[in-house]
Amino acid sequence: MKIPIPSTTVKLPRHILPAIVFSQFTGASPWFAGNAVLSDLQTLWGLPPDALAYMTSSVQLGFISGTLVFAVMAISDIFSPRKIFLICTLLGAFCNAGVYLFAEGLWSLVVFRFLTGFFLAGIYPIGMKIAAGWYQRDLGKAMGFLLGALVLGTAFPHLLKALGHSLPWSSVILSVSAIAAFGGFVMYALVPDGPYLTKGAKFDPTALKVIFQSKNFRSSAYGYFGHMWELYTFWAFVPVMLAIHIGSGTAVSIDIPLWAFLVIGAGVIGCVAGGLLTGKFGSARVASAQLGISGICCMLSPFVFSMPSPIFLLFLLIWGTTVVGDSPQFSTLNALYAPKELVGSALTIVNCIGFSITIISIQLLTYASHFIEIRWLFLLLTIGPAAGLFAMRPLIGAQAART
C-alpha cells in the first residue's frame, strides 16, 4: 500500500521564485514612471506644480478601482492567474506608453496614469497569488522577496532616468513599458499554475460590518492605515526633498534621479531585515519599530535639509529603509487577524482603504505647500506613524505577554 506524500514535500523547480520576483519587479515598474519624467513633462506641457499630486493620486485611484473590480468579479478564480498577469502587464505597458503616444497635457496624462494603476491591480496582488500557488511552508520568505521586487520596481524608473540623462523622457517611458511587457511573458512562459493554487472566497462587501469587530484586526488594520498615510507620499516627494536640499545652498552636486532610486530602493533592506527579525521579535514589534523610526524621521525632517549632504542623504536612506520595511509585517498581521471566513474580502477592503488614504495624504501635502514653508511640510506625515503606533498598542502588549 502506497503512503501518500504530504503536499509540503513537493519539490519546486528552482527557477520559480526568481522568475516570479523578476516579473513582479518589471511589472511594477510603470507605477512611478510618470514621476521619474515629471520635470520633463512640466517643461514640455507647462504643467502646474500640483501635477505631481494629480498624477500620483490618479495611479492610486486606478489601483483601487482595479482591485475592487478584480475582487467583485473574482477574476483570478475564473481565469489562470498567470494569464491575468500577462494580459495586465501588456495592457499596463500600453497605457504607460500612452503618456508618450497620446497624452498632450495634464488631464490626458491623468487618464493614462489612472489606467496604468488599474492594470497594476492585476500585477501586484496577482503576483502574490501566483507565489502562494507554489509556496506553503516558505510563503513568508517568498512574499518578502516579492515585496522587495515591488519596491525596486517602483524605484526603477528613477534609475533608468539617472542612467540616461541624455535620453529624452519618451525613451524612459517606452523602456519601462517594454520591460514590463517582457516580465509578463517571463511569468507566462516560466511559471505554470502552482500545486497549491486555490480559489478564493467570493468577495463580500458586507464584510465591512464584521471585520472591524475584531480588536486585534482593528489594531493591525489601523496600524497599516497609518503606515500608508506616510509611504506613497514619501515616495512621491523624494525628488522634491532632494531638490529642496540642493536649493538650500549647502549641497554638493547631487544626481536627483539616482538618489531617488537609492532612497526608495533602500526599502528592500527594510523588508528583508524585518522578515529576518520577526522570528525573534514577532511581526507586531518589528512593524512598530520601523513605523516608529520612520515617524521620527518625519519629525526631524525640517532640520536636516540644510545639513551637509552626507548627513542629509544618510537620513533619507534610513527613512527610505524603514518607511516600507514594515509593509510585509502589516500584511502578515492583517491576514493573521482577519476573520477566517472573510480573509479575502477583509484584505481587499483594507487594501482599498489604505490606498485611498494615500490619495488624501498626497493631496493634503500638495495643498498645504501653498501655505507652509516646504521644509516644514513633511511634519504632516507624522500623523500616520503616530496614529499607527497608537493603534498597535494592544498587539504589542499581547506579544509581550506571550514572551
Scan of the range 47-73 for residues that are among the small types (Gly, Ala, Ser) and in contact with a Lys or Arg (Cβ under 6 Å, 6 or more places away or on another chain), ordered by number: Ser58
Subset of the range 109-156 [free of Cβ contacts under 8 Å to residues at least 40 places away in the same chain and surrounded by fewer than 23 Cβ atoms within 10 Å (Cβ to Cβ)]: Met128, Asp138, Leu139
Of residues in the range 83-120 being of a type in the set (Ser, Thr, Tyr) and farther than 15 Å from Leu44 by Cβ, the one farthest from the chain's Cα centre (by Cα): Thr89
Subset tally (residues that are aliphatic (A, V, I, L, M) and more than 15 Å from Tyr232 (Cβ to Cβ)) for the range 350-374: 4
Residues that are more than 14 Å from the chain's Cα centre (by Cα), closer than 21 Å to Val240 by Cα and polar (S, T, N, Q), drawn from the range 335-363: Ser361, Gln363
The range 10-41, subset free of Cβ contacts under 8 Å to residues at least 60 places away in the same chain and outside any helix (DSSP H, G or I), residue farthest from Val238 (Cα to Cα): Lys11
Test result for Phe94, among the hydrophobic types (A, V, I, L, M, F, W, C), in contact (Cβ under 8 Å) with a residue 12 or more places away in the chain and buried (at least 23 other Cβ atoms within 10 Å of the Cβ): no
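Bear in mind these aren't lab numbers, they're just calculated from the coordinates by the rules spelled out. Here the structure is a predicted model, which means the values were calculated and not measured. Backbone-built Cβ (ideal geometry, glycine too); neighbour counts: all protein chains shown.
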